[in-house]
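Below is one structure, written out as structure tokens; comments come after it.
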Amino acid sequence: MTINWNIISKNILQTSILHFIIFADNPFELDERIRVGDFDGFVEEVGFRSTRVRTLDGHLVTIPNGELANLMVENVSKRPFIKRTLELGITYNTSPEKIDEALEILNNILENHEGKNASYPPRIYFKEFNNSSLDLIAIYWYHPGDYWAYMSHVSSVNKEILKQFNAAGIEFAFPTRTLHLETDKLIQDVVKTN
């Protein structure tokens, strides 16, 4: 049996270089959440030949370092903030004054919200006339990038919006269709056919 030492040494050298590149580049550390390829999870182990990621579904994925070095790695744990785009639809029978009131309510809730950074003020607009709603949009940023603290904040903001919109008599829209019938023409058509 002949062993091709050139191929073996080449593979060992290549694996060593890739391992060194991952450690030198330091795109992530243990216990950080990353997105790589189709996977999103927490780094559990960085080995000589592969990196292990525990996905959000609980699966353990082993990614060869050779592949990992060629993939885009998004380090979710290192994000400084979370951006939220909140779109709200209100009914078409809302007056322009009530639209202004809705925008003011959103601004009052978000202007000094928990997690606000003065460099990232909220942006609030009457966005568009949709099929079944007048759409408002609020874009704001939550600092730091702690997802669970952010979700608690989102829940509080949503409840406050609901409370204040209800108190102001501002109604949320839902998909609807209005059917207009021309009753005189319909009656004439029925009479003609009989």
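Summary of computed values
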| read-out | value |
| --- | --- |
| Solvent-accessible ranking of His180, His153, largest area first, probe 1.4 Å | His180, His153 |
| Signed unit charges on C-beta, dipole axis of the range 89-177, positive-most listed residue Leu134, Leu103, His113 | Leu134 |
| Global form of the range 21-136, assessed from the alpha-carbon gyration tensor, a/c cut-off 1.5 | prolate |
| Anisotropy class of the range 51-194 from Cα gyration tensor, a/c 1.5 cut | oblate |
| Net charge of neighbours whose Cβ lies under 9 Å from the Cβ of Trp141, counting Lys and Arg as +1 and Asp and Glu as -1 | +3 |
| Protein accessible area in the range 36-185, 1.4 Å probe - carbon and sulfur % | 51 percent |
| Three-way shape call for the range 45-85 based on the alpha-carbon gyration tensor, with the a/c threshold at 1.5 | prolate |
| Sequence of Phe28, Phe172 when ordered by accessible area, the most exposed leading, probe 1.4 angstrom | Phe172, Phe28 |
| Average accessible surface area per residue within the range 19-123, 1.4 Å rolling probe, Å² | 61 Å² |
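The values are calculated or read from the model by the stated rules, or taken from the named source; none is laboratory data. Source: prediction; values computed, not measured. A quick note on method: Cβ atoms are made from the backbone with ideal geometry, for glycine too, and the neighbour counts reach across all protein chains shown. SASA here: full protein model, heavy atoms, side chains in, ligands and nucleic acids out. Shrake-Rupley method; radii C 1.70, N 1.55, O 1.52, S 1.80 Å.
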